[in-house]
Each structure stands twice: as C-alpha cells, then as structure tokens.
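Quick notes on the structure that follows.
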Amino acid sequence: MQHLDPEALSLFALDEPLDAEGTHHLRSCPECTAEVASLRRAVHAARTAPDTGWLEAPGANVWAGIHRSLGLGDAVAADPLGPDSRADTAPEAEAPGPGESGQPAGKPPASVTWLRRPVTWLAAAAAAVLIAAGVVVAVNRTAAPVTLASAQLEPLDRFTATGSATVTESGDGSRTIEVQLNKAEARGYQEVWLIAPDLTRLVSLGIMNSASGRFEVPAGLDLSSYPIVDVSDEPLDGNPAHSSISIVRGTLTS
C-alpha cells in the first residue's frame, strides 16, 4: 500500500485540507491515521498556551536559528520578541512601575515580552515539531527494506509456471511479500496463500491480477508456522476457500 507523503500528513495535522484521494486513503489506512493523530498531539501541545510567568525572553539567536531551519522569508527575519517588534505590537498587559518590580518605568518584564507575540512562536514551534516528525517518518519509510526469507516457486500438476517469493521488512516493522511468476496460467484468478506444513491451515494474502504482486503479511503472523507460499487457480464461484488447484508452491527459507 502506498502511504501518504509525510509532508502531506504534517500539513493535514496543521488543519490544511487533503485532496479527495488523500482523504479516501486516510479513511482506510490505520497507519497514516495513527501518524496524523500523533502529529496532532504535537500541534495541540504547541498551541496550548503555557504558564509563561517564569520564562525569560530568548536571545535573538534563537529566532535566527528557527528562521534558518524552517527556511522562512525575509519578511519575518526580524526577531518577533526583539525591541524592533514592540512598536507594531499592542501591549497585552500593563507594565509595572519602578516601585512594583524594580523594572524601569515603561519597560515590561521579560514574561510580558514573551507574551507579546505567542502565536508566532507557537506556530514556529509546531512547524519545527512536525518537520522533525516528518523527517522521522520519511526515514522509516525510505530506509532500505531487509530481506527476511525467500522461496523458489515450482509448478504443480499440469502447470508449467515458475517464480519466486521474497519477504522483506521495512523500517517501521511491517512485512511485505513479493511474488513473481514468469507467466499467468490461471483459468479463473490467482490467489496468494501462506500455508502451514501440514497443509491444513492457511492464510489468504490476496488476489494477484498479473504475473507479480506485493502483499502485506498480517502483523503477528509467525512465518515459521506458515512457511509455504502457494498461488492457486480460483474459479469465479464466490467461494473464499482454497480451490485445491495450486499453480506454483514453494517454502520460505531465511
């Protein structure tokens, strides 16, 4: 299954809309739904106004680092909490006089300065968190998969097709089996199965409409208990059980 792009998931977590195809995928993909939920928790945490009474105003180098990391434009290059930003920002709290806090008259304390423009900082923080999360997701998804097992598929009965099956594991722990045949010989349709050595227990992985296909291995399924890869010829009779007509078969080995 082709998952949504990490950038699209991050933007959706920030309330940007998805296109129709992305919305449809999200409704049917538990993995992408879980990632959006995780990203939205980060957004909620960043948007929730904390108790800032004890905070000190950050130095100008902090905003410069955020600006550089996010690739922001020149229009927002100035430190939003710096002295130059106060002229265009309406005060949100009355500055205490000299006798109240020891601050010079008219100069708000650091905690008040921090509250001047919280939206800018919270938006930047949320974006930084989502970019970092997106990078982790992208690394997990693009890391080279590890081959766990493979099998040579040999023909059965009257069939002559041959092929292979390879099981790989991606960075997020999900497993995929890729089945390839040198030709399609089914009179009905091809279905891929994992079967126990005693041939009495089997798990269907799905229909293969061509000479090759990729299928997700169910989470928690012990491949050592279902090592046989089988491609069957299934008639269009509406019966979900194995037809007992196998085109090719092989056993997975590490």
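No lab work stands behind these numbers, since they all come straight from the coordinates. Keep in mind it's a predicted model, so treat the numbers as computed, not measured. Reconstructed Cβ throughout: ideal geometry from the backbone, glycine too, with neighbour counts over all protein chains shown.
Tell me, Kirkwood radius of the stretch 179-250 from alpha-carbon pair distances, in Å? This gives a value of 12.5 Å. Shown here for the stretch 142-216: trypsin sites (Lys or Arg not before Pro) in loop regions (DSSP other than H, G, I, E, B) with at most 14 other Cβ atoms within 10 Å, namely 158, 183, 187, 201. Computed from backbone phi with θ = phi - 60° and the Karplus coefficients 6.51, -1.76 and 1.60, the 3J(HN,Hα) list for the stretch 13-23 is 5, 8, 6, 7, x, 9, 6, 4, 5, x, 5 Hz; x is used for glycine and proline. Along the stretch 210-219 the Karplus relation, 6.51 cos²θ - 1.76 cosθ + 1.60 evaluated at θ = phi - 60°, assigns HN-Hα couplings of 9, 7, 8, x, 10, 9, 7, 7, x, 4 Hz to successive residues, with x for each Gly and Pro.
Modelled label positions at residue 148 and residue 239, each set 7 Å beyond Cα in the direction of Cβ, lie 3.1 nm from each other. Going by neighbour counts of Cβ atoms within 10 Å, the residues 154, 35, 16, 191 line up, fewest first, as 16, 154, 191, 35. Computed from label points 7 Å out along Cα-Cβ, the spacing between residue 60 and residue 158 is 8.5 nm. Specify which residue in the list 181, 199, 215 is farthest towards the positive end of the charge dipole of the stretch 146-251, using unit charges on the beta carbon of Lys, Arg (+1) and Asp, Glu (-1), about the Cα centre. Among 181, 199, 215, the one farthest towards the positive end of the dipole of the stretch 146-251 is 181.
Our estimate of slack between residue 178 and residue 210, defined as 0.36 nm per intervening residue step minus the Cα-Cα distance, is 10.3 nm.
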